[in-house]
Structures are given as C-alpha cells and as structure tokens.
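J.: Following this message is one structure expressed as structure tokens.
The values are calculated or read from the model by the stated rules, or taken from the named source; none is laboratory data. These numbers come from a predicted model, not from an experiment. Cβ placement follows ideal geometry from the backbone for every residue including glycine, while neighbour counts extend to all protein chains displayed. We work out accessible area using only protein heavy atoms, side chains counted, and drop any ligands, DNA or RNA first. Shrake-Rupley method; radii C 1.70, N 1.55, O 1.52, S 1.80 Å.
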Amino acid sequence: DDYAKGLIKKHELTRKDKEDDRMVHIRIQNANIEPVFFAFKHNEGLERILEDTVSAPSEYRFTDENGFGHEFWTIEDDNLISRITSLFTDTVESFYIADGHHRSAAASRYAQANGFVGETRWFMAVAFPASQLRILPYNRLVADLNGLTAEALVAKARDVFTVTEVNGGTPTAARHARLYVAGQWYDLAWEVPAGTDVVSSLDVSVLQDNILAPLLGIDDPRTSKRIDFI
C-alpha cells in the first residue's frame with residue numbers, strides 16, 4: 001500500500017520485463033526471498049537507539065563467501081520495540097529505495113493483482129539511516145556506439161561537456177561522470193544553469209539527455225535491449 005501511495009520514494013524508472021520476472025518469482029515461490037534496501041533521513045531518536053544497541057555484543061556474526069562481514073543484533077524488549085515503532089510511525093515521513101526498485105514495483109503489482117489481501121499487502125525490507133550509507137556508482141553499459149566511432153562520440157561529447165582524458169573510472173567531485181570507450185577513460189564535467197529544475201539537474205538526467213538519447217540512441221532505457229546497468 002505504501003509503495004502505491006508514494007510513501008516509498010523511488011529515484012529510477014523500472015523495466016516491465018524485469019518487473020514481470022520478479023512477479024513470477026513471487027507467485028511461484030509464494031514468498032519474498034530478498035529484502036528491498038531502504039534509506040531514511042537522519043532521525044535523532046532512532047540513531048540513539050541504534051548506537052545503544054550496537055554498543056553491546058552482537059548475537060550473530062559471520063563472514064560470507066565474498067569476504068564481507070555481517071553482524072546482527074536482536075531487540076526483544078517490548079517497550080523498546082514500541083518506542084521504535086512509534087518513532088517510525090510519527091517521525092519518519094518516507095523511505096527511499098536504495099536498491100530494489102524492481103522488487104518493490106513487482107511486490108506492489110502483485111498486491112494489486114490480489115486485491116491487497118492478507119500478506120500480499122507486505123514485502124520484506126531492511127532500512128538504514130542515510131547518514132550511515134555510502135552511495136556507489138550505478139554504471140550504464142551500452143552495447144554499441146550507434147554507428148559512431150569512438151573518436152566521433154568523444155568529439156560530440158565535447159560540445160556539451162568539458163572532456164579530459166583520465167586514468168580511472170571514479171569521479172572525484174559533483175557534476176562529473178566518467179566515460180570508458182576504446183580502452184580510454186574520460187572525465188565529463190558540466191555546470192547546471194541557474195533555474196534548472198531538480199530532475200533535469202540530476203546526473204542521470206544529464207547523462208540521458210546529452211549522451212544516451214541524442215548520441216547513442218537510447219531513447220528509453222526501460223525498454224532498450226542495448227543498455228544494461230552495473
């Protein structure tokens with residue numbers, strides 16, 4: 001319900017084929033098997049509870065097959081659980097999807113298809129305060145250059161961006177992106193004109209409006225089979 005009402009905020013469009021795939025998964029398994037990753041704005045009350053909780057030894061601790069460590073703390077005090085519930089209900093206005101747009105959309109569609117009855121109304125999620133998160137790149141991989149040579153693509157990019165050859169793929173400042181083509185990394189830098197609306201000023205919009213659509217022919221990244229996301 002919350003996803004359909006817009007209380008769960010999304011920041012990227014989804015692809016119908018991926019939504020359909022996840023809906024089939026839910027229907028056949030009759031379960032959610034992976035949580036959606038939510039972020040929420042800093043909340044002093046919840047932060048204090050979190051700090052107090054993790055100051056004690058964790059109940060579970062292990063290292064997974066990829067070498068990442070995990071620790072889990074459980075909260076069993078009913079009064080503290082009620083306090084946490086009240087803080088989320090009264091002071092957290094929205095959740096923001098950090099990872100799991102297709103899972104969220106598929107869960108919402110599945111709930112709608114089943115009349116929001118019983119457990120179909122819910123899906124599994126884990127929520128972290130934004131102050132304790134680090135944003136990682138979500139790269140676009142395009143299958144071809146839409147008939148352009150690498151030199152022509154870079155030359156056309158110079159019409160819009162300040163383009164510099166660099167050695168790595170990680171931008172070091174805001175309003176910078178990196179392009180990798182023909183074995184070379186390029187830094188793309190730009191300025192956002194005053195008065196630009198918020199959506200148009202987002203990095204993803206700048207990339208779509210100036211590179212993906214006009215130069216590479218990716219008019220709709222939701223449906224194009226020539227683009228993937230890493």
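J.: Please give every one of the lysines within straight-line cross-link reach of LYS18, meaning a C-alpha to C-alpha distance under 28 Å, and leave out same-chain neighbours fewer than 8 residues apart.
T.: LYS5, LYS9, LYS10, LYS225
J.: Sticking with this structure for a sec: With a probe of 1.4 Å, find how much accessible area the chain has per residue, and write the answer as a whole number in Å².
T.: 67 Å²
J.: Which residue fluctuates most in the GNM of the chain (Cα springs below 10 Å): THR53, THR85, THR63?
T.: Largest GNM mean-square fluctuation: THR63.
J.: Same structure again: Tell me the GluC sites (Glu not before Pro) within segment 27-78 that lie in a loop according to DSSP and have at most 11 other beta-carbon atoms within 10 Å.
T.: Qualifying residues, ordered by number: GLU59, GLU65, GLU76.
J.: Can you pull the percent of the chain's accessible area that's carbon plus sulfur, 1.4 Å probe, other chains left in place?
T.: It is 53 percent, rounded to a whole number.
J.: Then there's this: Where the centre of each part is set by its Cα atoms, how far does segment 170-186 sit from segment 6-79, in angstrom?
T.: 31 Å
J.: Another question, then. Based on DSSP H runs of at least 4 residues, each adding -39500 (n - 2.57), what is the mean residue ellipticity at 222 nm of the chain after dividing by all its residues, to the nearest 500 deg cm²/dmol?
T.: Theoretical 222 nm ellipticity from helices: -9000 deg cm²/dmol.
J.: With N set to the number of residues, divide the alpha-carbon radius of gyration of segment 77-210 by 2.2 N^0.38 Å and report two decimals.
T.: For segment 77-210, the normalised Cα radius of gyration is 1.51.
J.: Normalise the Debye intensity by I(0) for segment 1-110, one equal point scatterer per Cα, no solvent, then take log10 at q = 0.10, 0.20, 0.21 Å⁻¹ and round to two decimals.
T.: The Cα Debye sum returns log10 ratios of -0.42, -1.18, -1.19.
J.: Hey, if you drop one equal point scatterer on each alpha-carbon of the chain and run the Debye formula without solvent, what base-10 log of I(q)/I(0) do you get at q = 0.09, 0.12, 0.16 Å⁻¹?
T.: For the chain, the Cα-only Debye profile gives -0.54, -0.90, -1.27.
J.: Also, I was wondering about something else. Sequence gap at least 6, Cα distance under 8 Å: using those rules, report the relative contact order of segment 139-230 to the nearest whole percent.
T.: 34 percent
J.: Relative to the first principal axis of the alpha-carbon coordinates of the chain, what is the inclination of helix 44-54, with its axis defined by its Cα atoms, in degrees from 0 to 90 and to the nearest 10?
T.: Roughly 70 degrees between the two axes.
J.: For a quick check, take a GNM of the chain with Cα springs below 10 Å and name the residue from ASP52, ASP203, ASP144 with the largest mean-square fluctuation.
T.: ASP52
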